[in-house]
């Protein structure tokens, strides 16, 4: 094993050793968790951004008198199978914070719940809701939102080069929009981001991430959110990009992966409130 240089709890494991560790007691009891190093980046970026706010149980995030002393609240909106949720949950426990891990698919939500239990994450609520509805169900509730959206998974090409050929759906349109096969996926990602944005409180952080390469699912989505007219449409927010380099000092070997992670800082425009709809909350 060798340490992951930018994560104190991460280690690179050779395939043969991984098979052995996968059958070990520490893995079965949740003391260790296997995931790609790159999949650790989004949660680590969000953790570091929140740490920069100097949030702790003795110095909580505050925006109004009613918020004084409350716990830090973080949403993982597309959480299954749970690798990023276990990262965030373990860190938040030390901060006295609460994680809401959401997964729309019931079967995957059960896998998420099992992995969180196995990892000993207790400061967590697991929900099974359409992520596109979370912003209306819980407007401005969360201090941070992780939006690791479903994507075309072009990152799998490292292990399966043929996946790029199977996913090829033609060239972009003349107007620069995605190929036809990409459009429903891109639209769903946008709706998820809009929802996460609505769920974010003033001064909070949203990290949007994918495991794919194309610009339509990455930079284009973030540029769209950062446009002033869209920010207004999403409820009176101003948005500005956060300088990754100021948040985390990644080595060159990891820096290239950051183009797929776009952290956004939201700030409520002066004197404006979100243009919320009337909400039909689920009965408890």
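No lab work stands behind these numbers, since they all come straight from the coordinates. Please read these numbers as outputs of a predicted model, since none were measured by experiment. No Cβ is skipped: glycine too gets one built from the backbone with ideal geometry, and neighbour counts run over all protein chains shown.
Results, tabulated for the structure shown:
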| read-out | value |
| --- | --- |
| Sorted peptide list for 77-89, 146-158, 187-199, criterion being average Cβ within 10 angstrom, highest first | 77-89, 187-199, 146-158 |
| Theoretical FRET efficiency, 1/(1+(r/R0)^6), r = Cβ-Cβ of residue 114 and residue 20, R0 30 Å, to 0.05 | 0.85 |
| Euclidean distance of C-alpha centroids, the stretch 2-43 and the stretch 195-212, integer Å | 26 Å |
| Cα-based shape type of the stretch 79-147, given that a ≥ b ≥ c are square roots of the gyration tensor eigenvalues and the cut on a/c is 1.5 | oblate |
